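Here is the structure we will look at.
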Amino acid sequence: MSFDLSFAIRIIPQVLEGLGNTILVTVLASFGAALLGFTWEILRRSAKPMRYLMRFVIDFIRSTPVLVQLYFMFFVLPYYGILLPAMFVGIFGLSFYYSGYLAEVFKAGIDAIPRGQYEAAQSLGLSSFDTIVFVITPQMLRNIAAPMGSYFVSILKATPYLAVIAVPEMLGSAFDVASETYRYAEPMLVAGILFLILALTVAQLVQRLEKRLMLSTRR
Amino acid sequence: MNALRAIDPATDKGPATGRPAVEIRHLSKWFGDFQVLKDVNLTVRNGERIVICGPSGSGKSTLIRCINHLEAHQEGEVIVNGTELKAGMKNLPALRRDIGMVFQQFNLFPHLTVLENCTLALVRAKKMSKAEAKEIAMRNLEKVRIPEQAEKYPSQLSGGQQQRVAIARALCMSPKIMLFDEPTSALDPEMIKEVLDVMTALACEGMTMLCVTHEMGFAREVADRIIFMDQGEIVEEAPPQKFFGAPEAGRTRRFLDQILH
């Protein structure tokens, strides 16, 4: 069975059927992961029992496979009466898994800010709230733009995991074509190229954002 | 000797009487097991200019950092503008607005322009309008002779310029006391003078100042009192003439021999 270029081109629209969900999940999960990750990190910086709890939670999230987490939410929770829609599990699952990594990104971004910045803010009589909002966060965003962007690309590339909980996305659409026609080379290649284009686009967007942050926050 | 003084005795009001600006009584502080400050006593009157010197690790920076509570002390009292500083006090930000601080590493906010560095606390902490804050900022930037750099970012300025901006930023809050923590130690030699000139001008206006510095020329020109610290203690405390002419302690003499070559 040789590679059939015209077949490959013909199936592009079918594979693209999953594109909408792939983009939707990527965007929402990236947003969710950043929000959760930031929350974990702020809680990890609070008083003692919470700090130890969050250290454990973050390590736990990062040390269990994403598939186990997805299976747990989709197949195990229903036994306890918690029935979640597949799309929700997909978005929340990826948000949850990547939030562990983003918490570490936020940690590095905050740790990189010199102590003198806090001291200067304090000595000017700024409140803790104003210090976080106007002094620390803008500098943190500049520090984390690049690593956070690469996790957004990772989230995009993790969307095919959702096939296991029956969320229709791009690799799933490609797989449907394959199982109907018994041809795997073309659908996989088409899906691979489409993912490549998407990933490069996200990377470009992140790079542009990073440049803009650098311009307005140069050191 | 008096020819060296930048302060004109004819016009200088000198330290005011009445309530002191800073009262430090029996102050002791530890970092872990190490005692950095040992029973330090110091009273600074309004309008007084104090220079603190001493070898590294002598506790001089820690001492002035206790005055705006960047460092918490364990024993003794620190009373600033009539209010005793205590751990966990609620009105600390308000108290700090009356105490300007200039750091060795400038600590300007790198993501804000020079002007925004100066106006941030006026707008956020003093709840001023942007226009009002800008006017005050520009007035203080003119005072440190750098108004033309207002729209630039700190990274675009030289070290000396950055430190002058840091002084202007502190002055914008109209502080009653200014603390300087080795303000010229991170500067290239050719930039030290521009910063010292600004500080001298400030001293001549009658600002209450506590300066940790090894610039002995500056100390001679403006200080009302020079304090020498070693191993967490105040070893010597004297007006410049006596401090340089006839220091009492052997440790002071050895220190001066080493830095006045």
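The values are calculated or read from the model by the stated rules, or taken from the named source; none is laboratory data. On a predicted model such as this, the values are computed, not experimentally measured, just so you know. Neighbour counts are summed over all protein chains in view; Cβ atoms, including those assigned to glycine, are modelled from backbone coordinates with ideal geometry. Protein only, heavy atoms only, side chains kept; ligands, DNA and RNA dropped before computing areas. Shrake-Rupley method; radii C 1.70, N 1.55, O 1.52, S 1.80 Å.
Placing B:Lys90, A:Lys48, B:Lys130, B:Lys152 in order of accessible area, with the largest value first and a 1.4 Å probe, yields B:Lys90, B:Lys130, A:Lys48, B:Lys152. Can you give the relative contact order of the stretch A:5-218 as a percent, counting alpha carbon pairs under 8 Å and 6+ residues apart? It rounds to 31 percent for the stretch A:5-218. With coordinates expressed along the principal axes, the C-alpha atoms belonging to chain A extend over 73, 48, 22 Å, beginning with the largest.
Whole-Hz Karplus values for the stretch A:30-35 come out as 5, 4, x, 5, 5, 5 Hz, taken residue by residue from phi with 6.51 cos²θ - 1.76 cosθ + 1.60 and θ = phi - 60°; glycine and proline positions read x. Here the gap between A:Met50 and A:Ile197, fully extended at 0.36 nm per residue and compared with their Cα-Cα distance, gives a gain of 48.7 nm. Note on exposure: B:Val235, B:Val212 ranked by accessible area (1.4 Å probe, complete protein assembly) read B:Val235, B:Val212, with the most exposed listed first. Against the main long axis of the alpha-carbon atoms of chain B, helix B:250-259 sits at an angle near 50°. Is any residue of the stretch B:90-126 close enough, with backbone N under 19 Å, to a label point placed 7 angstrom from the Cα of B:Glu135 along the Cα-Cβ axis, and if so, which? Within reach of a label on B:Glu135, which here means backbone N under 19 Å from a point 7 Å along Cα→Cβ, the stretch B:90-126 contributes B:115-116, B:118-126. Shielding by partners for peptide B:119-125, expressed as the average number of C-beta atoms from other protein chains within 10 Å of each residue's C-beta, is 5. For A:Lys157, project a label point 7 Å along Cα to C-beta. Then give me every residue of the stretch A:4-24 with its amide nitrogen under 17 Å of that point. Within reach of a label on A:Lys157: A:23. Per residue, the Cα convex hull of the stretch B:50-125 amounts to 137 Å³.
The Stokes-Einstein estimate for chain B, based on a Kirkwood radius over Cα pairs and taken at 25 °C with 0.890 mPa s viscosity, is a diffusion coefficient of 130 µm²/s.
Projected onto their three principal axes, the Cα atoms of the protein assembly as shown cover extents of 101, 49, 44 Å, largest first. Checking the a/c ratio against 1.5 first, then a/b against b/c, what shape does the Cα gyration tensor give for the stretch B:1-84? Since a/c reaches 1.5 but b/c is at least a/b, the shape of the stretch B:1-84 is classed as oblate. Karplus-derived 3J(HN,Hα) values for the stretch B:65-70, using 6.51 cos²θ - 1.76 cosθ + 1.60 with θ = phi - 60°, are 6, 6, 6, 10, 6, 5 Hz; glycine and proline are entered as x. In order along the stretch A:54-59, phi translates into HN-Hα couplings of 5, 4, 5, 4, 5, 5 Hz, rounded to whole numbers, per the Karplus curve 6.51 cos²θ - 1.76 cosθ + 1.60 with θ = phi - 60° and x for Gly and Pro. Per residue of B:90-103, other chain Cβ atoms within 10 Å of the residue Cβ number 3 on average. Stretching A:Ser150 away from A:Leu189 to a fully extended chain increases their span by 11.7 nm, per 0.36 nm per residue minus the current alpha-carbon distance.
Counted by Cβ distance under 12 Å from A:Ala174, the other residues give a net charge of -4, where Lys and Arg count +1 and Asp and Glu count -1. Here B:Ala10 and B:Gln241 are evaluated by their C-beta separation; at R0 = 22 Å the FRET efficiency comes out at 0.75. Set the bar at 24 Å for Cα to Cα. Now go through B:Lys60/B:Lys126; B:Lys130/B:Lys152; A:Lys107/B:Lys29; B:Lys60/B:Lys86; A:Lys48/A:Lys107 and name every pair that lies beyond it. Those over the limit are B:Lys60/B:Lys126; A:Lys107/B:Lys29. Computed from Cα atoms, the angle from the helix B:189-204 axis to the main principal axis of chain B rounds to 90 degrees. Residues A:Ser99, A:Ser2, B:Ser61, sorted by accessible area with the largest first, give A:Ser2, B:Ser61, A:Ser99 [1.4 Å probe; ligands and nucleic acids excluded].
Peptide B:78-85 has a mean shielding of 0, counted as Cβ atoms of other protein chains within 10 Å of each residue's Cβ. Relative to the 2.2 N^0.38 Å rule of thumb, the stretch B:124-201 has a C-alpha radius of gyration ratio of 1.11. Rounded to the nearest 10 square angstrom, B:Met89 shows an accessible area of 40 square angstrom against a 1.4 Å probe.
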